[in-house]
Each structure stands twice: as structure tokens, then as C-alpha cells.
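Right, one structure below, let's go through it.
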Amino acid sequence: MPVPARRLPVPLLPTAVTCTGFLIQSFWPGLRPRLGLAPDSVIDDAITVVAGSAGWLGLAWLGVCVVDGLLRRLAEAHHAPAAPRLVSDLARVVFFGLAAVAVAGFVLHLPVTGLLATSGVLIAVLGFALRGVLSDVFSGIAINVEHPYRLGDWLQVGTGAGGPPVTGRVVEVNWRSTRLMTNDGTIVVMPNGLIAASRFVNYSMPEPSYRTSLRVHLDPAVPVERARRILTTALLSVDHLLADHPSDVVVEGVDEAGVCYVLRFWVPDFGSEILCRDAVAAAMMNTIHHAGLSVAVPRRSVVSLRNIRHDAEGFGLCRHMLRTIDLFQAFTPAELDDLAGRMMRRCVPAGATVFRQGDPGTSLFLLTEGVLEVSATVRTIAGPAASVAPVVLDRMRPGDIFGEMALLTGEPRSATVVALCEAVIFELSGEHLRPMLQDRAELAERLSELMADRAQRNAEKRASALKPMPAAPIPQHHDLLHRLRRFFALPEA
């Protein structure tokens, strides 16, 4: 059934005032003799002036109410927060100004022709003197009608004098100007004429979220695939960015500073852009540092550059990371170098699975580049109506190790690990670790203590992801030591 169109309501009080005033003015000459009043008496003149003035002013009032109703309809149709105040105020001035002229000419019988001519000259002089103000006023009217921005929008406006643009949140739009609140907490008053005549950017339309970018130069000797992988790792490591909008890394060009990479990412709104850029820049610098690289500088500068060609496969980086991991603190530098030399490098494509929950495992992995997501299938409801669902437990970044429990105890994998982007991992097999444990039995004691500490920290870190499911029991030091000795066939103490 079609919905009938809503009619514009007729204001009753202004209509009643208008009709009453004009009716009294029209019928008063016939009513005056019946009331015994003489023509041109004080009462006759007063009634004539009041009725005529009420009719014309009521008509102006009625016109203003109709304009306000149309503006409200227009605001509702465009989902505007309120009706344009500037147009409404201008309508009041025009209607009541014409009503005043009509009262002077038709009610008071004044010579309005000369008054209009004099007023025209005066208006021309004032218009020339106040042309800047009038430009701002009419620009404000156009802004309120078109709604290119609204209260609360983030706006960037050029100054028109060659200076930097001004960016702020719109807090007020009045007859002459628009007030912007900057990120520094200061108010900038921008004339409406300047805004209408210049190019401005609304960061809040059509959606508050938008894409921005950050540029960085890397040495041309770094392969593009590796650079993309490292920088994508930084983007995926930032929690401030919008998850439903993909971030990416593109090559913008090559110049004297090296290869220019652009990190493109989405931010919730302009107010949070500086926080997002700070988080992305910090994650980018940390990731570049962990990868053993540095930001490129112009070739004309005399600087000491690391020669990364000798470690294109990342084995030197792997050796460096092993020395910083707490699990390997019990090994000597020579033993760590030997382990690094035995580890196998693997490149994992984006979306590929490193291993699945329940798979047998006899090796651990060291992540040197990329981001990996750790998930597990857990029971969501206890009892007979139990169901299982995948739960994301953690995200691993360069420098993290995983799979150590399966390596040292022979237990199945407790989670599924998937690459969010292209990643590089180094795998250490249990067969390479077995001779060291058999030669130095005290390593098993130290490893079990370190594993117990890591298990405690991992349990605390992932507890929030598993709520309200009951937490899994945390393995203790003596239990891990028993499993480790049994798996590697070590003698009991």
C-alpha cells in the first residue's frame, strides 16, 4: 500500500493573524458608521493602522514559517543535522523588510518612492563598502544549502596566501565564518568567502574512514619481495588500523635516496590519523631494525652502510635472533652458531599453513620476517551441548619462536599457525638438538625451567582470547623435564 506524501502543515496562528488583519481593514469602512464612529477619528485611525499592520506583518510571519518548514524538509531529505540557519535568518529580514515597506505605503500612506530611491543609493554604497562581508554571508548561505560539510566534520582549507592549509573539526557555521578546532586545541576562524573560493577537502565524507600513506626509502640492494614482506609485517603489527580495509605496500619509484616504498593503510578518522601514523612508523622502524636493515639515505651523503648482500638468505639474522631468545640462554655462543648453521630456511606464502593443530611435530621454528596467526579449535560450551570453534590466540612477529613444546616433548601441535603475509621461518629439527642434549645433560634442566617460564607467560597472554572457556593447565618444570628426558632418551637424574 503506497504511503501518502506528507503535506506541509499550514501555520494556524500566522494565518489567523493575517486573515483577521486584512478582513478588519477591508470591512472597517462599513462597520464604522454602525458603531457611531466619525471618520478620521483617533479610534478610526488606530484600528485602521493596527489591522493593516497586523495583516502585512502576519503575512511576513506566514512566509517565514513556510520557508522554515521547507528548510526542515530539505534537511531531512539530505540527512542534515539541522535546517540552514542562515537562509532562515535571511528570509526573516526579506519578508519583514517588505512588510515594513508595505505598511508604510499602504497603511500609513507615506511616500515610499523617494524612500526606496534613497535606500537604493544607500544600499549600493553599503554594498560596495561591505562587499567582503556580503561575500562571506552569501557564501555561508550557499554552504548551508549545499551542505559540503557539517558540524563535526574534519575539514582542510587552503589559506589562499600561499601558506600551509588549515585542518580542523567544524564546530560552528554562522553568517560570516566557519570555526575549526585543530588537533592542537586552537580555534581557527575561516571566512565563508575564502572557503567557497578555495579548494577544501572534507575528510569525513562520504565516510569518516579513509586511506593515507607513509613513505620510506630502502637500499636498492634489498630485493623488492623481501622489502614488501618486511614492510607488510609492520602494517599487520599495528592494531590501530581498520581490519576490514586491506593495507598494502607499493613501490612508488627510485631516486637518489633508493627505492621509495609507500605503506598504504586505512584510519578510522582524521582525529586518529596521527596516532595511526605514529604506530605504523614505530612498527616500520622496529621491523626494519629486526631485519638487519636501515633506512636509505641520499647517495650524496657520506655514511657507513651495512653490506646486506652477504646475508641475502638471512642466516646471519637467524644467528643474531637466537642469541636474544630466552629459551636458548643455556647454550654457548659456539653452540648457537652451530644450531643456526643447521637450521633450514623456509619461505611461507601468504595464507599458507605452517602446521595444523594435532599434527605430529619434532621441530621448532624461528620467525625472521612476516606475521603469523596462531589459532586453535576449542570447546565453546561445556556439557552435553558442547561445540567447537576456532579461536585466534596470538600473532607472532619477527623474533618469536614457536613449536618448542613439540620439539622438546614430542607432543602433537597444540595450535594451527597460518601466514598472514609472505613469511620467512627457520626450522630446527630435534635430530640436530639431540646430540647437544646427550653431551650436556644439564641443558635439559635449564631448558625445562625456561620452557615453564615461557608457558606461564604464554598462558597469561592468551587468557583473554579463551574467555569464558576454562584455561588449559600450565605445564610445570618437573613435568616438562620428565617429558624432555623421555623424548630424547636422556638418563634420569
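Bear in mind these aren't lab numbers, they're just calculated from the coordinates by the rules spelled out. Just so it is clear, the model here is predicted, and its values are computed rather than measured. Reconstructed Cβ throughout: ideal geometry from the backbone, glycine too, with neighbour counts over all protein chains shown.
Run the quick spin-label model on residue 38 and residue 342: label points 7 Å from Cα toward the beta carbon, then report their separation in nm to one decimal. Going from the residue 38 label point to the residue 342 one covers 13.1 nm.
Charged neighbours of residue 170, selected by a Cβ distance under 11 Å, balance to +1 (K, R count +1; D, E count -1).
Want the number for residue 429 to residue 50: 0.36 nm per residue separation, take away the alpha-carbon distance, what's left?
Gain in length upon complete extension: 126.0 nm.
Protection proxy ranking, highest mean first, for peptides 261-268, 193-200, 342-349: 261-268, 193-200, 342-349, where packing is the per-residue count of other beta-carbon atoms within 10 Å, averaged. For residue 151 and residue 239, a Förster radius of 30 Å and the Cβ-Cβ distance give a FRET efficiency of 0.50, rounded to the nearest 0.05. Spin-label pair residue 262-residue 110: with each label point 7 Å from Cα along the Cα-Cβ axis, the two points sit 6.6 nm from one another. The residue 23 and residue 172 beta-carbon pair, evaluated with R₀ = 41 Å, returns a calculated FRET efficiency of approximately 0.40. Taking a label point 7 Å from the Cα of residue 94 along the Cα→Cβ vector, which residues of the range 57-72 have an amide N closer than 17 Å to it? Residues 59-72 fall inside that zone. Length gained on full extension, residue 197 to residue 440: 79.5 nm, using 0.36 nm per residue less the C-alpha separation.
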